[in-house]
Amino acid sequence: MLELYQWELSQYSEKVRLILDYKGLEYRKIEVTPGIGQVELFRLTGQRQVPVLKDGNKYIADSTEIAKYLDLKYPERSLIPQDPKQRGLTLLIEEWADESIGIKGRKALFSAISQDQNFRKSLLPTSTPDILKNLVEGVPSDLLTVLGLGVGYSPDVIKSAIADLKQDLEALTLLLADSPYLTGDEPTLADLAVAGLSILLKFPEGPYLDLPASIRGKGVPALVNNPDYEPFFTWRDRLYAQFRKPLIGTTTGSAPTSIQIE
C-alpha cells in the first residue's frame, strides 16, 4: 500500500490526499510531528518537509512531483491532459495555486486563529488531550501577534495576503461561471490543486479531515462571510463530494499513524 507522510492540516498534504482519492488509490497516512518527526522523516527519505509519498522502496517529495509521479505510474483517471493548450493551462494553474493560495492561505488562517480562541482550539486534532486544548485556547492574542511577527506574519503582511486571496477567489469564481471545472468539462490537476489548497480558507463541510465537526465549514471570516465567493466554495465542496473519501468507514480515510522515533 502507498504511504503518505503528512501533516493533517497541511494544505499541500491535502492536495495529495485529494489526488489519491480521485484516482481511487488506497494509501496509509503517517502523521509527521513537526520537529522530532521531521528528523525521522529526513533519516528515511532525505526530506524534512511533507508531503512525501512512499511507493514500494521509492520516496517522492513535493506535492507537484507526487502528482506527476502518480499520473505516470497510475494513469487511470488522468490528471494532466494530453491536449497541448489544456495541458499548459492545467500546469500553469497548478503552479500558481501552490504559490498563491497555498502560501497566502497560511497567513490568512493565522489571522483568524489569532482573533478567535475557540477557533484555534477547534483546529487541534480530535485526539489532542483536553489539557493541551485548554492551554492553546488560553494563549493571549497579543502573544500570537508577537509570534506572528517572528515568522514574518506582520499585520501588513496578513492584510496584503487576504487582499490577494480576495482577488484570487474572484478570478476563480469567474473561471467557473460557465464551466464545471477550471480548464473545461473534465477535472484536472488544476481543479484538485486549487480545491485541496483552499482548505485553510474554508474547511470542507464533510468529514474529510481529523478535526472536530464544529470546525467544518468555518474559515477566514473575510473570505467565508463574503457572498461573492460562495460560488467558489460551493464548487469546491461539490468536487469534494464527488471525489474525496470521508474519514469514516474507509481504509483510505483512517486516522493517521504517528511517525515513531527508533
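Of note:
- Residue in the stretch 57-73 that is in a loop (DSSP other than H, G, I, E, B) and more than 22 Å from PRO246 (Cα to Cα) present: yes
- Only listed residue being at pLDDT below 95, of a type outside the set (Asp, Glu) and not in a helix (DSSP H, G or I), chosen from LEU109, LEU209, LEU135, LEU147: LEU209
- Filter result (open to solvent by less than 10 Å² (accessible area, probe 1.4 Å), in contact with a strand residue (DSSP E or B) (Cβ under 9 Å, 6 or more places away or on another chain) and under 24 Å from ILE30 (Cα atoms)) within the stretch 202-220: PHE203
- Residues of the stretch 60-77 classified as free of Cβ contacts under 8 Å to residues at least 24 places away in the same chain and either exposed (fewer than 15 other Cβ atoms within 10 Å of the Cβ) or in contact with a strand residue (DSSP E or B) (Cβ under 6 Å, 6 or more places away or on another chain) (or both), total: 7
- Subset tally (residues that are part of a helix (DSSP H, G or I), touching a Phe, Trp or Tyr at 6+ places or on another chain (Cβ under 8 Å) and surrounded by fewer than 16 Cβ atoms within 10 Å (Cβ to Cβ)) for the stretch 10-44: 1
- Criterion violated by ARG87 - all others in (1) touching a strand residue (DSSP E or B) at 6+ places or on another chain (Cβ under 8 Å); (2) within 27 Å of LEU172 (Cα to Cα); (3) not polar (S, T, N, Q) satisfied: (1)
- Odd one out for VAL50, checked against (1) within 13 Å of the chain's Cα centre (by Cα); (2) at pLDDT 95 or above; (3) open to solvent by 10 Å² or more (accessible area, probe 1.4 Å): (2)
- When the stretch 220-262 is filtered for residues that are at pLDDT 95 or above and among the polar types (S, T, N, Q), the ones remaining, listed by number, are ASN226, THR234, GLN242.
- If you go through the stretch 221-241 and keep only what is surrounded by fewer than 17 Cβ atoms within 10 Å (Cβ to Cβ), outside any loop (DSSP other than H, G, I, E, B) and in contact (Cβ under 8 Å) with a residue 24 or more places away in the chain, you end up with PRO221, ASP228, PRO231, ALA241.
The values are calculated or read from the model by the stated rules, or taken from the named source; none is laboratory data. These figures come from a predicted structure and were not determined experimentally. Every residue, glycine among them, receives a Cβ derived from its backbone with ideal geometry; neighbour counts consider all protein chains shown. In case anyone asks, the SASA skips ligands and DNA or RNA and just uses the protein heavy atoms, side chains included. Shrake-Rupley method; radii C 1.70, N 1.55, O 1.52, S 1.80 Å.
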